Amino acid sequence: MSTTVDMFRYVRDENVEASPPPNLARGPIAWMRENLFSGPFNTILTLVVLYLLYVSIPPLVEFLFINAVWTGADRDACRAETAGHPVGACWAFVIDKINYFVYGSYPATERWRVDGFFALLAIGVVWLLWLRAPRRDLGAVYFFWLFPLLSYILLTGGNWDFRDSFWIGFIVFSILLVAGIALAARALKTSMRAGLIVGIGIVAVIGITLALVEIDWGLEHVPTALWGGILVTLLVATVGIVFSLPFGILLALGRRSKLPVVRLASVIFIEFVRGVPLITVLIMANTMLPLFLPGDMTVDRLARPLVGVAFFASAYMAEVVRGGLQAMPKGQYEGAMSLGLNYPQMMILIILPQALRIVIPGIVNTFIGLFKDTSLVAIVGIFDLVKTIEASRIDPNWAAPTISYTGYAFAAFFYFIFCWGMSRYSLGVERRLAAGQRH
Amino acid sequence: MATTMTAQHIPAAAVDPQAEAAVQMIDVHKWYGEFHVLRDINLNVRRGERIVICGPSGSGKSTMIRCINRLEEHQKGRIIVDGTELTNDLKRIDEVRRDVGMVFQHFNLFPHLTILENCTLAPIWVKKMPRKEAEEVAMHYLTRVKIPEQANKYPGQLSGGQQQRVAIARSLCMSPKIMLFDEPTSALDPEMVKEVLDTMVGLADEGMTMLCVTHEMGFARQVADRVIFMDYGQIVEMNTPDEFFRNPQHERTRLFLSQILH
């Protein structure tokens with residue numbers, strides 16, 4: 001270095017090879033000095049935090065594990081005076097009630113059907129979320145068509161009784177639909193064959209769905225009033241998550257549309273649903289939805305909050321997605337347009353993949369919020385996990401001082417596992433995508 | 001700036017230079033709100049003609065060429081591209097965009113797709129070309145811009161000059177009849193300007209119809225058939241490069257040239 005400082009003319013005659021930086025301090029003591037005690041303020045902070053941990057962690061561990069009661073048949077096991085020792089969490093209560101927490105009042109002999117639903121759900125989730133899973137396109141077909149259909153049959157029993165007149169109506173409708181699509185294809189000067197294939201495909205999907213629902217599988221009918229617990233929580237969350245993303249994307253695109261009618265409709269929907277508490281939406285869905293429908297038509301009492309939750313989540317999702325769309329540089333639109341891509345192609349191939357990637361944290365944030373908000377369906381009389389715990393903790397058989405805490409701790413544990421899982425998964429996806437294309 | 005590229009592929013534009021105009025702009029006006037950005041633009045571009053457009057910033061030169069593929073809408077006058085008049089008809093706009101390639105100042109590559117996918121996307125989705133054929137075409141043009149080895153990287157892993165050459169290759173994959181360049185070298189590091197200009201010279205040598213907004217006066221002298229100077233949204237002066245640089249007529253042109261050719 002010194003050579004260049006006091007010289008007026010200089011020409012380099014050798015390259016300086018790259019070398020490692022001067023020895024970095026390593027080892028636990030160096031780490032602690034650097035990260036925990038690097039100054040008086042940080043030292044004080046470290047000590048305060050250590051004190052708070054000392055105050056809070058041991059009693060928590062003592063309550064949840066050391067003094068916890070793991071076995072027992074009724075309240076005597078969990079009362080200090082009968083058990084003869086201090087009692088913490090009463091896990092025996094959770095173990096005793098676990099079937100109610102998982103299945104609600106679903107008939108005991110039919111609970112294997114709920115297990116089947118959990119298994120189908122797990123297959124679908126792994127297939128879609130595992131990025132290197134084989135045939136993820138088939139996975140999407142499974143998750144968005146086969147899985148809901150099979151779950152519906154499995155959980156309710158299916159065996160709808162269509163009259164013959166219904167099937168005649170369906171056949172007429174199918175012929176009209178196929179003919180209509182073929183004519184539209186002709187009018188738009190696109191391939192007639194493709195139009196026919198699409199039309200027949202749609203009819204086949206609807207037909208198979210209806211036929212499967214009509215077949216008597218020999219499953220006993222279980223009304224939704226009996227469903228409850230984790231079954232309902234997962235069902236509401238899944239429906240909300242699955243519907244909110246596509247609807248949210250459509251609403252976000254609608255809000256940025258150049259057509260005033262579309263834009264206005266999207267804005268009104270988003271602002272109205274977002275400006276109202278979820279509880280209100282649920283109560284409205286529960287009591288007002290039947291008023292809008294023709295008199296002889298009833299909507300299942302579990303389906304009503306499902307619709308409410310899906311709408312509510314869509315409005316939030318729309319704003320998250322809009323944030324991503326707004327972050328896209330104008331040049332991406334112009335690049336796509338200059339190549340002759342039309343609007344749907346530009347959105348699906350260029351804009352949305354990038355915009356959604358930007359807002360993965362926001363999307364997962366909404367999912368996590370939605371997952372926990374499902375506990376509000378209890379307001380309209382649906383027995384989700386929290387409601388089953390609420391109902392069990394006042395059971396006189398288990399009247400003991402720590403029963404309520406134990407029940408809520410169990411709920412907290414359940415929600416935390418799922419939300420933390422979603423959060424970790426999204427971090428993993430972000431990291432993977434970031435590794436693919438560094439800027 | 002000699003180029004060593006050989007012309008294996010003859011663009012459609014070179015086939016019949018006598019045919020009708022590639023681009024016609026007749027009495028074109030455009031406003032941004034109250035602001036009159038383009039005023040009375042009249043321009044006829046013959047097939048195979050190379051035109052360089054220069055002028056101070058805000059003079060409307062970018063806006064003018066962006067009107068040719070309807071990234072900007074004109075409010076008065078007529079624009080006819082390759083025999084198709086630009087109106088609100090979306091089908092016609094798509095038709096024109098299929099035949100008009102555009103290269104931007106900031107490349108506008110798609111960062112989530114590889115170089116090869118950037119090049120094959122439009123042929124596959126717009127021209128319905130089979131994937132294999134589209135990949136062959138893409139590799140052909142990537143070889144032409146001398147970066148076939150980068151095909152499986154992402155745009156973010158390439159230098160600015162390489163990205164701009166990919167952008168040119170991406171446009172060429174659609175076999176355009178007309179190429180628009182909007183300050184293609186303005187965002188590049190000085191060391192990378194030449195590689196992009198070389199590519200453009202090669203394209204010009206093959207007879208591509210080109211409209212190029214640039215301040216690279218060396219490039220203008222070497223390849224342009226006509227140089228246009230714009231100011232205040234108007235075409236102020238238009239001449240062969242020889243006359244334009246040697247003997248500018250308008251006072252504003254003289255001032256501009258004295259500013260940039262120090």
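Observations
- Of all residues in the range A:361-413, those that are out of contact with any Cys (no Cβ under 8 Å at 6 or more places or on another chain), crowded, with 19+ Cβ neighbours inside 10 Å and assigned to a loop (DSSP other than H, G, I, E, B) total 2.
- Within the range B:125-141, restricting attention to residues that are closer than 19 Å to A:L349 by Cα and surrounded by 18 or more Cβ atoms within 10 Å (Cβ to Cβ), the residue that is farthest from the other protein chains (Cβ to nearest Cβ) is B:E135.
- Only a single item in (1) assigned to a helix (DSSP H, G or I); (2) at pLDDT below 90; (3) within 27 Å of the chain's Cα centre (by Cα) is not met by A:P134, and it is number (1).
- For the range B:167-207, filtered to residues that are part of a helix (DSSP H, G or I), in contact with a strand residue (DSSP E or B) (Cβ under 6 Å, 6 or more places away or on another chain) and within 14 Å of another protein chain (Cβ to nearest Cβ), the residue that is farthest from B:V81 (Cα to Cα) is B:A167.
- Filtering the range B:105-120 to residues that are more than 9 Å from chain A (Cβ to nearest Cβ), closer than 17 Å to A:Q345 by Cβ and either among the hydroxyl-bearing types (S, T, Y) or surrounded by fewer than 22 Cβ atoms within 10 Å (Cβ to Cβ) (or both) leaves B:E117, B:T120.
- Residue among A:S38, A:S19, A:S2, A:S56 that alone is modelled with pLDDT of 90 or more and of a type in the set (G, A, S): A:S56
- Residue satisfying condition, being among the hydrophobic types (A, V, I, L, M, F, W, C), over 24 Å from the mean Cα position of the chain (by Cα) and closer than 30 Å to A:Y100 by Cβ, within set A:V242, A:V213, A:V232, A:V236: A:V213
- Scoring A:T109 on the criteria (1) closer than 20 Å to A:W227 by Cβ; (2) hydroxyl-bearing (S, T, Y); (3) surrounded by 13 or more Cβ atoms within 10 Å (Cβ to Cβ) leaves a single failure, condition (3).
- Any hit, the range A:214-222, residues being touching a Lys or Arg at 6+ places or on another chain (Cβ under 8 Å), of a type in the set (A, V, I, L, M, F, W, C) and either at positive phi or part of a loop (DSSP other than H, G, I, E, B) (or both): yes
- Matching residues in the range B:87-104 - criterion: being in contact with a strand residue (DSSP E or B) (Cβ under 8 Å, 6 or more places away or on another chain) and either more than 9 Å from chain A (Cβ to nearest Cβ) or of a type in the set (A, V, I, L, M, F, W, C) (or both): B:R92, B:V96, B:V100, B:M102, B:V103, B:F104
- Residues of the range B:142-157 satisfying the condition of being more than 8 Å from chain A (Cβ to nearest Cβ) and either in contact with a Gly (Cβ under 8 Å, 6 or more places away or on another chain) or over 23 Å from A:P329 (Cα atoms) (or both): B:L142, B:T143, B:R144, B:V145, B:K146, B:I147, B:P148, B:E149, B:Q150, B:A151, B:N152
- Extreme residue, farthest from B:G101 (Cα to Cα), among residues of the range A:330-360 that are at the interface with chain B (Cβ under 8 Å from one of its Cβ atoms) and not in a helix (DSSP H, G or I): A:N342
- Between A:L306, A:L291, the distinction of being under 22 Å from the mean Cα position of the chain (by Cα), within 26 Å of A:F272 (Cα to Cα) and more than 14 Å from every other protein chain (Cβ to nearest Cβ) belongs to A:L306 only.
- Residue list for the range B:197-234, filter: more than 24 Å from B:E72 (Cβ to Cβ) and of a type in the set (V, I, T): B:T199, B:V201, B:V223
- Picking from residues in the range A:271-327 that are among the charged types (D, E, K, R) and not in a loop (DSSP other than H, G, I, E, B), the one that is nearest to A:V380 (Cα to Cα) is A:R304.
The values are calculated or read from the model by the stated rules, or taken from the named source; none is laboratory data. Note that this is a predicted model, so its numbers are computed, not measured. Glycine gets a Cβ as well: all are built from the backbone with ideal geometry, and neighbour counts include every protein chain shown.
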